[in-house]
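Read-outs throughout are calculated quantities, based only on the coordinates presented, and are distinct from any laboratory measurement. Since the structure is predicted, the reported quantities are computational estimates derived from the model, not experimental observations. We place every Cβ from the backbone using ideal geometry, glycine too, and count neighbours over all the protein chains shown.
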Amino acid sequence: MVPGEEIGLRIDQTLTQDATGTLVMQELEALGLDRARTEVSVQYVDHNLLQADEKNAEDHAFLRSACRRYGLWFSKPGNGVSHPTHMQRFGVPGKSMVGSDSHTCAAGSLGMLAMGVGGLEAALAIAGEPVYLRMPEIWGVRLTGELPPWVSAKDVVLEMLRRHGVKGGLNRIIEYHGPGVATLSAMDRHVIANMGAELGATTTVFPSDDAVRAFLRAEGREDDFTELVADPDAAYDVTDEIELSTLEPLIARPSSPDNVVPVREVAGIEVGQVVIGSSANPGLRDFAIATHLVRGRQTDAAVSFDVNPSSREIFADLTKRGDTFDLISAGARIHQAGCLGCIGMGQAPAVGHNSLRTFPRNFPGRSGTREDAVWLCSPETAAASALTGVITDPRELAAALGLEWPDLGLPERASVNTDMLVPPLPPGQAATEKLVKGPNISALPDFPPLPERIEAPVLLKVGDNVSTDEISPAGARALPFRSNVPKLAEFTFTQIDETYPERARRAEGHVVVGGDNYGQGSSREHAAITPRHLGLKAVIAKSFARIHWQNLANFGILALEFRDPADYDRVEQGDTIVLDGLREQLPGGPGLSVRNETKGENYALRHRLSERQVEAVLAGGRIPLLARS
């Protein structure tokens, strides 16, 4: 396995969630699948939980019927966020997993090789096909020492983002090792592994050691434990080291996860909302430490203090401990177990008011408010700020209140309850099941093959680090149309340019030009499908985020890079671009050129597609290619 070369991996488990899973199930239908061929595949309902009308309920019914038809587990609405719930119930050290959610990498906390991919890759994995990717470099991060009081795992990954930025992990797998790892619980590791996605990493891996054994024992699954630790002389392609005892509370300012500063530098800024929960801080410990800070106190009158339990199991344990009562008494608004505010499904903040969240992302508009100001921080910093009404270093508040670092007294056994997990039907019964499709469930669009020549306008030019949230927005307005591509297309790029959908329809074919790290963030393949539906033929960028780059190829959109990044500055929105001889040039190698007819200039480009991906792009995408074979 050589870094940069394409490899194929056999996949043991898959994870899908309802914001992306509806398309996955439509893809399974298009593939003609008889039954899931993985060891375990689970469909979670955790994103589209707000049922303001019939659309989300229709999606839930469709997903349940698809699970019954294709042999998947079904996690009912309210059972919890996919990542911690999967870790609790299905995660097994040493297993491989892909998920149609970029934070699938959180399962690396158990010593799994778990990667976020586009929905079509997840569908093909469910069908027993290998998952293809470029072999990453292995980035060894050695941890030493122990975290000081009022500093937690969130501060570790924020430190990584402060050092390396949102592109630091691109085409790398992060492996944490060293004596400091033993001081972190399995759920602490989940926090760090989850936000490896924000570093752009392919995935994150921790050892499977005594902390993992203790976690699985608490879940009643100790038999699933296997020890997997690095050899003492293990070598890495890239190295780094963090002395945990030197860390302090950190916070990511709006509106990027790598805009990180010490909390003390921004202390005193007014706060209007604090939200605790999400897949990035899902553990019982994260809620318990927040409870410890607010117990017997009242949060500031100007702050909306929101709590999203991450799983029904953790919600039950919080309630048994009395923490739910203490949170409510302190002014908390308790929401159902799910993603909710993290994906902009409720809890949208007011314009002009800072929102502190224990979430993984703060991309512009992701909260559901277009002009938002979202900060990312630890539960300690969030709870301290909820009490004071301003950004507060939890160390300073603890000292002022005379609070010692607590023994949280977490239970040795979790409140395991599997009643909201519906197992797969037996094969004979599953084969007779019919898919339940409400009016909001559309068919997958048919896309034609790539033409020999593209002559089209640059309909949109965007800058660096454009996220898939900005291409295909999250939030309560758009998410209910995840299974209705024509309707969802009306929201495409509207975070950046409200006129894009209408201009795209009139153009009948167009190009988008992007900066570095185009398509970072969520794995949602809608960010490729809806622009394609509106006529997008090619994206020319300085560089691409891994999952979105794969999704573009999967749906027949040509992803090209400027060989000279300075040429990006020479192209303007409205220029006419010509790409000629594509069906001959693409199979011939990575180099090709584009002509800017408006400026009378030629630019050297390259693609990074494998032979397999070139074939798919020429066919109009992987589904047309598979249909043809």
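In the chain, what percentage of the DSSP-assigned beta bridges are antiparallel, given to the nearest 5? The antiparallel proportion sits near 35 percent.
Its Cα centre serving as origin, the stretch 6-246 has a Cβ charge dipole (Lys and Arg +1, Asp and Glu -1) of approximately 420 debye. Working value for the stretch 1-80: equivalent-ellipsoid semi-axes of 27, 15, 12 Å, each the square root of 5 times a Cα gyration tensor eigenvalue, largest first. Spread over its residues, the convex hull of the C-alpha atoms of the stretch 212-261 is 199 Å³ per residue. Our estimate of slack between Glu265 and Lys76, defined as 0.36 nm per intervening residue step minus the Cα-Cα distance, is 63.8 nm.
Along the charge dipole of the chain, pointing to its positive end and built from +1/-1 on Cβ of Lys, Arg, Asp and Glu, which listed residue (Val181, Leu143, Ile251) has its Cα farthest out? It is Ile251, whose Cα lies furthest towards the positive end.
One Cα centroid belongs to the stretch 349-370, the other to the stretch 572-598; the line between them spans 39 Å.
The separation of the stretch 315-337 from the stretch 114-136, counted between C-alpha centres, amounts to 38 Å. For the chain, the relative contact order comes to 15 percent (Cα pairs under 8 Å, sequence separation of at least 6). The simple spin-label model puts a point 7 Å past each Cα toward its Cβ; for Ala61 and Ala302 those points are separated by 4.7 nm. Suppose a student asked you for the relative contact order of the stretch 250-401, using Cα pairs under 8 Å spaced at least 6 residues apart; what percent would you report? Normalised by residue count, the contact order of the stretch 250-401 is 35 percent. Straight Cα distances below 19 angstrom link Lys461 to the lysines Lys537, Lys542, Lys599, with same-chain residues fewer than 8 positions distant left out. For the stretch 454-628, what is the Kirkwood hydrodynamic radius in Å, using each pair of distinct C-alpha atoms? That comes to 16.0 Å for the stretch 454-628.
What FRET efficiency comes out for Ala30 versus Glu601 if R0 is 25 angstrom and r is the Cβ-Cβ distance? Round to the nearest 0.05. Result of the calculation: an efficiency of 0.05. Think of each Lys and Arg Cβ as +1 and each Asp and Glu Cβ as -1; about the Cα centre, that makes the dipole of the chain roughly 1420 debye. Among the DSSP helices (H) of the chain, none spans at least 27 angstrom by Cα along its long axis with an average Kyte-Doolittle hydropathy of 0.0 or more; this is a geometric and hydropathy rule only. In plain terms, the chain is cut at each of the GluC sites (Glu not before Pro) found in a DSSP loop with at most 13 other Cβ atoms within 10 Å, and the longest leftover piece is 55-226. With both residues required to sit in the stretch 88-207, DSSP beta bridges show an antiparallel share near 5%.
Fraction of C-alpha pairs exceeding 27 angstrom in the stretch 250-401: 12 percent, rounded to a whole number.
Note on Lys320: no lysines have a C-alpha under 19 Å away, same-chain residues under 8 apart excluded. The charge dipole of the stretch 250-401, taken about the Cα centre with unit charges on the Cβ atoms of Lys, Arg (+1) and Asp, Glu (-1), comes to about 240 debye, rounded to the nearest 20. Taking the stretch 423-464 and a reference point 7 angstrom along Cα→Cβ of Lys487, the backbone N atoms nearer than 18 Å belong to 436-445. Altogether, the Stokes-Einstein calculation at 20 °C and 1.002 mPa s, with the Kirkwood radius of the stretch 6-246 over Cα pairs as Rh, returns a diffusion coefficient of 117 µm²/s. I'd like the distance separating the alpha-carbon centroids of the stretch 468-544 and the stretch 402-435, in whole Å. Answer, in whole Å: 35. Its alpha carbons considered, the chain gives a radius of gyration followed by a Dmax of 23.6, 73 Å.
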